[in-house]
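Undergrad: The structure follows.
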Amino acid sequence: MNPQEQILQKAHLLLQSVTDPEIPVLSVFDLGIVREIRSGSDGVLEVVITPTYSGCPAMGVLEVNIRAALQEEGIDPVRVITVLSPAWTTSWLTEAGKEKLRAFGIAPPEEASKDKKALMGERRVLQCPHCSSANTEMVSQFGSTSCKALFRCLDCLEPFDYFKCH
């Protein structure tokens, strides 16, 4: 393996530990926001990221944390490039990331085809991440962050966030 490939591999391993400031159990890879790690034409390491939604307030912190994680281990300079197209989608979340969300008490996004009741004006049916009951209701379209909705389980009575699909 040549030195450039070694740096790319090291960068990939280091970024596994960079977590989302709003959902600290998820790494940037669990979220699927790291699109590419590459060597730029000038030899500078480039990390290409896509925000979970336009205007996400966590992106500035994530950019700083990505750069810091790499620079602390001697990879410098680093260029973080934000790409908006194609737009991020919850399908980019890894299966491990979805399990981490559930274990953290956040219902992971469900496939769009799983619950068509919302199209008919009926309530969305979600499984409670605490007790697994499907007897849940939406409390607010907006939860602790704009990308989550607030739900409540009607069986265990615990509130929980739902990571919205998009």
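The values are calculated or read from the model by the stated rules, or taken from the named source; none is laboratory data. Predicted model, so just to flag it, every value in this text is computed and none were measured. All Cβ positions, glycine included, derive from the backbone under ideal geometry; neighbour counts span all protein chains shown.
Undergrad: Could you grab me the full set of residues in the range 126-166 that are among the hydrophobic types (A, V, I, L, M, F, W, C), in contact with a helix residue (DSSP H, G or I) (Cβ under 7 Å, 6 or more places away or on another chain) and under 10 Å from ILE106 (Cβ atoms)? Before you say what the answer is, go through the steps one by one.
TA: Of all residues in the range 126-166, those among the hydrophobic types (A, V, I, L, M, F, W, C) come to 126, 128, 131, 134, 138-139, 142, 147, 149-151, 153-154, 156-157, 160, 163, 165.
Filter once more, keeping what is in contact with a helix residue (DSSP H, G or I) (Cβ under 7 Å, 6 or more places away or on another chain): 163, 165.
Residue satisfying the conditions is PHE163 alone.
Undergrad: PRO129 - would you say it is modelled with pLDDT of 90 or more, in a loop (DSSP other than H, G, I, E, B), touching a Lys or Arg at 6+ places or on another chain (Cβ under 9 Å) and of a type outside the set (D, E, K, R)?
TA: Working: modelled with pLDDT of 90 or more: yes; in a loop (DSSP other than H, G, I, E, B): yes; touching a Lys or Arg at 6+ places or on another chain (Cβ under 9 Å): yes; of a type outside the set (D, E, K, R): yes.
Criteria met by PRO129.
Undergrad: Same structure again: Anything in the range 1-19 that is outside any helix (DSSP H, G or I) and within 17 Å of the chain's Cα centre (by Cα)? List them, or say none. Walk me through how you get there before you give the answer.
TA: In the first step, residues of the range 1-19 are kept if they are outside any helix (DSSP H, G or I); the result is 1-2, 16-19.
Selection gives GLN16, SER17, VAL18, THR19.
Undergrad: Can we say GLY43 is part of a loop (DSSP other than H, G, I, E, B) and more than 24 Å from PRO108 (Cα to Cα)? I'd like the intermediate steps shown before the answer.
TA: On the way: part of a loop (DSSP other than H, G, I, E, B): yes; more than 24 Å from PRO108 (Cα to Cα): yes.
It is true that GLY43 is part of a loop (DSSP other than H, G, I, E, B) and more than 24 Å from PRO108 (Cα to Cα).
Undergrad: While we're here: Using the structure shown, decide if GLY55 is surrounded by 15 or more Cβ atoms within 10 Å (Cβ to Cβ), closer than 22 Å to SER91 by Cα and of a type outside the set (A, V, I, L, M).
TA: Details: surrounded by 15 or more Cβ atoms within 10 Å (Cβ to Cβ): no; closer than 22 Å to SER91 by Cα: yes; of a type outside the set (A, V, I, L, M): yes.
No: the conditions fail for GLY55.
Undergrad: Cβ contacts < 9 Å: first residue outside the structural domain of LYS100 (by TED's automatic domain parsing) and in contact (Cβ under 8 Å) with a residue 24 or more places away in the chain, restricted to the range 23-34; second residue aromatic (Phe, Trp, Tyr) and assigned to a loop (DSSP other than H, G, I, E, B), any location; separation 6+ or different chain. Result?
TA: The qualifying pairs are LEU31/TRP88; GLY32/TRP88; ILE33/TRP88.
Undergrad: Tell me which of these GLN16 doesn't satisfy, since it passes every other one: (1) crowded, with 17+ Cβ neighbours inside 10 Å; (2) within 29 Å of ASP161 (Cβ to Cβ); (3) at pLDDT below 95.
TA: All conditions are met except number (1).
Undergrad: Those residues that are polar (S, T, N, Q) and over 19 Å from ASN65 (Cβ atoms), I need them from the range 1-16; list them, please. Lay out the reasoning, then the answer.
TA: Initially, the range 1-16 is screened for residues polar (S, T, N, Q), giving 2, 4, 6, 9, 16.
Those that are polar (S, T, N, Q) and over 19 Å from ASN65 (Cβ atoms): ASN2, GLN4, GLN6, GLN9.
Undergrad: Within the range 141-166, can you find the residues that are surrounded by 15 or more Cβ atoms within 10 Å (Cβ to Cβ) and among the hydroxyl-bearing types (Ser, Thr, Tyr)?
TA: Result: THR145, SER146, TYR162.
Undergrad: A further question follows. Yes or no: ILE81 assigned by TED's automatic domain parsing to the domain that holds PHE151 and surrounded by 12 or more Cβ atoms within 10 Å (Cβ to Cβ)?
TA: no
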